[in-house]
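> Below is the structure I would like to discuss, written out as structure tokens.
The values are calculated or read from the model by the stated rules, or taken from the named source; none is laboratory data. Keep in mind that what you see is a predicted model, and the values were worked out from it rather than measured. Here the Cβ positions follow ideal geometry from the backbone for every residue, glycine too, while neighbour counts run over all protein chains shown.
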Amino acid sequence: MKFSVETFRAWTNRSVTLLGMSGVGKTYLSSLLREHNWFHYSGDYRIGTRYLDEPILDLIKQQAMQVPFLRDLLRRDWIYIRNNIKVDDLGPVLSFVGKLGNPELGGVPLEEFSRHQALYRDAEIKAMRDVPEFTRKAREIYGYQHFVNDVGGSLCELDEPSVIDLLVEHTLILYIKVTDREEEQKLIERAQSDPKPLYYRPEFLAEQLEVYLGENGLAYAAQMDPDAFTRWVFPRLFHSRIPRYAAIAEPHGYTVTSREVAQVRDEGDFLELLETAIARAGD
């Protein structure tokens, strides 16, 4: 959706999609707005509770079946396992996606990792296609006036134009951009200390994997330290996504910086920031 400042102010039931890398402030804004009559739709939470729930449970059960005591309990239906994902704790999804590398170091073999990546992509597409229905539910069932769509950082990687078209039709797209090296470094460090589920386009992963193996004298992915590869590849993933975000935001939405977002303390600040972004786009 596109607006003038005046039409935005007159918008009765606002619906905003927050776009950007994990760590730029999307969930911070969403949590803040939730206190001001905004429904917080977390894409990753929807993925974990709806579209990856069964694969996550299958993975956990597969591990549990390797323990004789738990195997017997599961086979007799004496216990059950539940996915306990939270909006601010995506641990089950993170564990399912995993890290590529040596299984003895906690990594996932390449074939299995690629399968999980494909399932994650499909789940994210489905979760985004649920946005129009959840905007309705937010108002008609839960009584929220406004709606904020907190999407995963990989939205720009999906190569599914119909998803972007749908979000543009039903929401205002707000891209949170990292604009300087200091902020970029903070985001990279935050992503490494508090990791979120990462999706890699197959072409990007194949290209970067070949480079990493060559630089480290390795023959195949199962020899890699999964944490070392993730630390190495994330800055490259970050920079590869910048033009992809811009390709969505420039024709369809508005752009603010992560520094501007860091100054938002309440709904009034957020709305003022949106109006500033709208005004800048109209200049």
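> Against the condition assigned to a helix (DSSP H, G or I) and either over 19 Å from Ser154 (Cα atoms) or among the acidic types (Asp, Glu) (or both), how does Leu73 come out, does it pass? So that I can check it myself, show each step before the final result.
Values: assigned to a helix (DSSP H, G or I): yes; either over 19 Å from Ser154 (Cα atoms) or among the acidic types (Asp, Glu) (or both): yes.
For Leu73, the condition - assigned to a helix (DSSP H, G or I) and either over 19 Å from Ser154 (Cα atoms) or among the acidic types (Asp, Glu) (or both) - is met.
> Pull up the range 4-27, narrow it to residues that are surrounded by fewer than 18 Cβ atoms within 10 Å (Cβ to Cβ) and touching a helix residue (DSSP H, G or I) at 6+ places or on another chain (Cβ under 7 Å), then point me to the one that is nearest to Leu274 (Cα to Cα).
Among those that are surrounded by fewer than 18 Cβ atoms within 10 Å (Cβ to Cβ) and touching a helix residue (DSSP H, G or I) at 6+ places or on another chain (Cβ under 7 Å), it is Val5.
> Name the one entry in Asp165, Asp150, Asp159, Asp180 that is over 23 Å from Val87 (Cα atoms), within 17 Å of the chain's Cα centre (by Cα) and not aliphatic (A, V, I, L, M). Spell out the reasoning first.
On the way: Asp165 fails: within 17 Å of the chain's Cα centre (by Cα); Asp150 fails: over 23 Å from Val87 (Cα atoms); Asp180 fails: within 17 Å of the chain's Cα centre (by Cα).
Matching residue, one of Asp165, Asp150, Asp159, Asp180: Asp159.
> Follow-up question, since we're still on this one. Do the conditions hold for Ser31, that is, is it out of contact with any Asp or Glu (no Cβ under 7 Å at 6 or more places or on another chain) and modelled with pLDDT of 90 or more?
Details: out of contact with any Asp or Glu (no Cβ under 7 Å at 6 or more places or on another chain): yes; modelled with pLDDT of 90 or more: yes.
Yes.
> Shifting gears a bit: Within the range 29-80, how many residues are aromatic (Phe, Trp, Tyr), within 26 Å of the chain's Cα centre (by Cα) and either loosely packed, with under 13 Cβ neighbours inside 10 Å or under 18 Å from Thr171 (Cα atoms) (or both)? Full working, then the answer.
We begin by selecting, within the range 29-80, every residue aromatic (Phe, Trp, Tyr); these are 38-39, 41, 45, 51, 69, 78, 80.
After this cut, where a residue has to be within 26 Å of the chain's Cα centre (by Cα) as well, the list is 38-39, 41, 45, 51.
With either loosely packed, with under 13 Cβ neighbours inside 10 Å or under 18 Å from Thr171 (Cα atoms) (or both) added as a condition, the list becomes 38-39, 41.
The qualifying residues number 3.
> Residues of the range 125-181 being farther than 27 Å from Thr276 by Cα and surrounded by 23 or more Cβ atoms within 10 Å (Cβ to Cβ), which ones? Break it down stepwise before answering.
Narrowing the range 125-181 to residues farther than 27 Å from Thr276 by Cα: 125-127, 129-130, 133-134, 136-137, 140-143, 157-162.
Scanning the range 125-181 gives a single hit, Ala127.
> May I pose another question? Checking Tyr212 against (1) closer than 26 Å to Thr135 by Cβ; (2) over 20 Å from the mean Cα position of the chain (by Cα); (3) among the hydroxyl-bearing types (Ser, Thr, Tyr): exactly one of these is not met. Which one?
(1)
> Any chance you could count how many residues in the range 124-177 are in a loop (DSSP other than H, G, I, E, B) and acidic (Asp, Glu)?
Within the range 124-177, the subset in a loop (DSSP other than H, G, I, E, B) is 130, 141-145, 151-154, 158-160, 171.
Add one more test, that the residue is acidic (Asp, Glu), and what stays is 130, 159-160.
Residues meeting the conditions: 3.
> For the range 191-202, what are the residues that are surrounded by 15 or more Cβ atoms within 10 Å (Cβ to Cβ) and in a helix (DSSP H, G or I)? Can you show your working first?
Step one: of the range 191-202, the residues surrounded by 15 or more Cβ atoms within 10 Å (Cβ to Cβ) are 191, 195-201.
Within the range 191-202, Ala191 is the sole residue that qualifies.
> Now for a separate question. Suppose we filter the range 81-95 for residues that are assigned to a loop (DSSP other than H, G, I, E, B), touching a residue at least 40 places away in the same chain (Cβ under 8 Å) and surrounded by 13 or more Cβ atoms within 10 Å (Cβ to Cβ); how many remain? Steps first, answer last, please.
Residues of the range 81-95 assigned to a loop (DSSP other than H, G, I, E, B): 81-85, 87-88, 90.
Those left that are additionally touching a residue at least 40 places away in the same chain (Cβ under 8 Å): 85, 87-88, 90.
Those still in the list that are surrounded by 13 or more Cβ atoms within 10 Å (Cβ to Cβ) too: 85, 87, 90.
Here the count works out to 3.
> Right, another one. Could you list, ordered by first residue, the pairs with Cβ atoms under 9 Å in which the first is in the range 262-281 and over 25 Å from Glu182 (Cα atoms) and in contact (Cβ under 8 Å) with a residue 40 or more places away in the chain and the second is assigned to a helix (DSSP H, G or I) and among the basic types (Lys, Arg), at least 6 apart or interchain?
Cβ pairs passing all conditions: Glu275/Arg9.
> Quick one: Asp227 ticks every box in (1) of a type outside the set (Val, Ile, Thr); (2) under 30 Å from Gly107 (Cα atoms); (3) in contact with a strand residue (DSSP E or B) (Cβ under 6 Å, 6 or more places away or on another chain) except a single one, so which number is it?
Every condition holds for Asp227 apart from (3).
> When the residues of the range 71-119 are narrowed to those that are under 23 Å from Ala191 (Cα atoms) and among the β-branched types (Val, Ile, Thr), which ends up modelled with the highest pLDDT?
Val108
> Out of everything in the range 210-232 that is acidic (Asp, Glu) and surrounded by 15 or more Cβ atoms within 10 Å (Cβ to Cβ), what residue ends up being modelled with the lowest pLDDT? Steps first, please.
First pass over the range 210-232, keeping only residues acidic (Asp, Glu): 210, 215, 225, 227.
Pick out the ones that are also surrounded by 15 or more Cβ atoms within 10 Å (Cβ to Cβ) and you get 225, 227.
Numbers: Asp225: 96, Asp227: 92.
Residue satisfying both the conditions and the ranking: Asp227.
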